[in-house]
1. Measure off 7 Å from each Cα along the Cα-to-Cβ vector at R243 and T137, then give the distance between these two points in nanometres to one decimal.
2. May I ask you to list the aspartates and glutamates whose Cα is less than 18 Å away from that of K180, ignoring any residue fewer than eight positions away on the same chain?
3. Bin width 20 Å, origin at 0, all Cα-Cα pairs of the chain: what percent of pairs per bin?
4. Which order results if K176, K46 are arranged by neighbouring Cβ count within 10 Å, fewest first?
5. Which of Q411, L87, A339 sits closest to the plus end of the dipole of the chain, meaning its Cα is farthest towards the positive end, when Lys and Arg get +1 and Asp and Glu get -1 on the C-beta?
6. How much net charge surrounds L366 when only the other residues with a Cβ under 14 Å from the Cβ of L366 are counted, with Lys and Arg +1 and Asp and Glu -1?
7. How many lysine pairs are close in the range 3-72, with Cα atoms under 13 Å apart and the two 8 or more places apart or on different chains?
8. Could you please report the charge total around C306, scoring K, R as +1 and D, E as -1 over all other residues with beta-carbon less than 13 angstrom from its beta-carbon?
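Computed from the coordinates by the stated procedures, all read-outs in this text should not be read as laboratory data. Just so it is clear, the model here is predicted, and its values are computed rather than measured. Counting neighbours? That spans all protein chains shown, and the Cβs are built from the backbone with ideal geometry, glycine included.
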Amino acid sequence: MSDLDIIKLIEGIVGKKLSVEKGFANWQKCSYATKGNQVTGISLYKIGYEKLKDAYHYLSMLTGLVDLHLVSNKISDLSFLIGFDNLEVLSLDDNLISDIDYISKLQNLSILYLTANKIENIDALVPCTELKVLDVTNNLIKDITVIVKIKNLSELVIYNNPIQNLPSEIRNQGIKAIRKYLIEKQKQGEEKLFEAKIVIVGAGESGKTTLIRKLQNPNHPVPNIEDKRTEGIRVMSYPFHVRTNEDLKEVMAHIWDFGGQELYHTTHQLFLTPDTLYILLNDNRKNDTDFYYWLNIVTLRAGGKCPILMVFNAKDNSPRQIIPGEEIFNAFPNVERSAIDVNFADKNLIGIHKMKDTIEGHFGKLEVLGKPFPTYWVRVREALGRLKDECIKWDEFAAICLQNGIDDLSQMQILAATLHNLGVILYFPDVFGLKDLIILSSQWCIDAIYSALDTDAINKNAGKFNEHMLAEKWLCLGLQVRSCIYYD
Ligand SMILES: Nc1nc2c(ncn2[C@@H]2O[C@H](COP(=O)(O)OP(=O)(O)OP(=O)(O)O)[C@@H](O)[C@H]2O)c(=O)[nH]1
Ligand SMILES: [Mg+2]
């Protein structure tokens, strides 16, 4: 039987004609491609599993087949791949596959698409030494260390997988950086960093600073005229107790208390980082927190993965008037469904303790907490912690990295970005004038930035300032002027 006879039989099963394509079959329709008299590529798109099962037999008779696409067919069992040893391109997107062991036999495979399946483990791909392109977007893969062994892989797409052993900065850097990171981690071993960042946002005087005071001391008196409005941002580090594998562990929370006045909003955006727990506060009396503004800006700047916890402050026992609906949870799936209701002035502290437990619980669940990093990274973090400087030049940071065994520029940059996200340092590689600095005291930097917003001369000048005006303000604050950008 010729290949074209076989195609006719397959068309009989599918119930329609397959289109003929040049070069490769088109994965988005039922189609095939030929070279001479041989069928070299075929795509059976959305034909349903029952028809596909009948077609397998005929597919296996196409001896020149190198290009096979079976997208959206509810396939779970790949045993039909026995005998397809010549395949070079295989797409099995949008099926129900969890076990890919049968793919390990396809040693000529060069391009493999497995998006939108239920795959947890890709170890079976090690024997596919010819594999160059792998797309496993939208699966359940936790560990991709195996890619170190797939030497020829030059393109890897891994969006939307619960990968645990890879910082998000590395994930976006492409296969070279990912492979290097994984190799280094194997070489050095791994250690954990038990610290992360919490950012508290919401309208002015909604109770953000009070919330922090109550976390530190449940007996902190409220209302409290001593609690002044927060200028800019206050950063403090505070130990939390979180549950890890049933043990109670002390971890460090770097808490960022954002001043709620609108004047600060634009600058606040600089400090919205990924891998962070966000707490969004509303005062039930005023209901002036702009939920959509904060949810949008956090998602935009920090990505859609950070948990956001809503806290409703029942000032003077005011009941909650805003009930977040499905439209919020659908648009922002990272918003926790169960919000916290609390009255900070309540003499009975049960509510405060409950709030503290809930916040610690969510903090403890941050993926980045306790995530293993290469040991050398942890050594660098410790070395930075011993420095007394407010900020150091990039070259000094690079020297510390070198002393601790990191000799690769991209690893240094990724480490700096990771420490920035954890709230340990500030590093702005894209901001003119700042890219050569590693800021060790966030508060020092924040005070310098926000002081520009609180200067009479600058306010009178409609927010415009020049180097001279800023330098004057900074000198009053005892800040050393290194460089600043001139606006006019
Ligand atoms: N009566 C009462 N007063 C409260 C409550 N929560 C906070 N306050 C008071 O309200 C005032 C403002 O609270 P803060 O915690 O400073 O508000 P904030 O959100 O940090 O304000 P900004 O820093 O300006 O953004 C303070 O005087 C608090 O003591 C409450 O539940 N009841
Ligand atoms: Mg405050």
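1. About 3.7 nm separates the two model spin labels.
2. K180 reaches D143, E155, E169, E190, E191, D407, D408.
3. 20, 41, 28, 10, 0
4. The order, fewest Cβ neighbours first, is K176, K46.
5. After comparing all options, I get L87.
6. Cβ neighbours under 14 Å give a net charge of +2.
7. Value for the range 3-72: 8.
8. Charge balance near C306 sits at +1.
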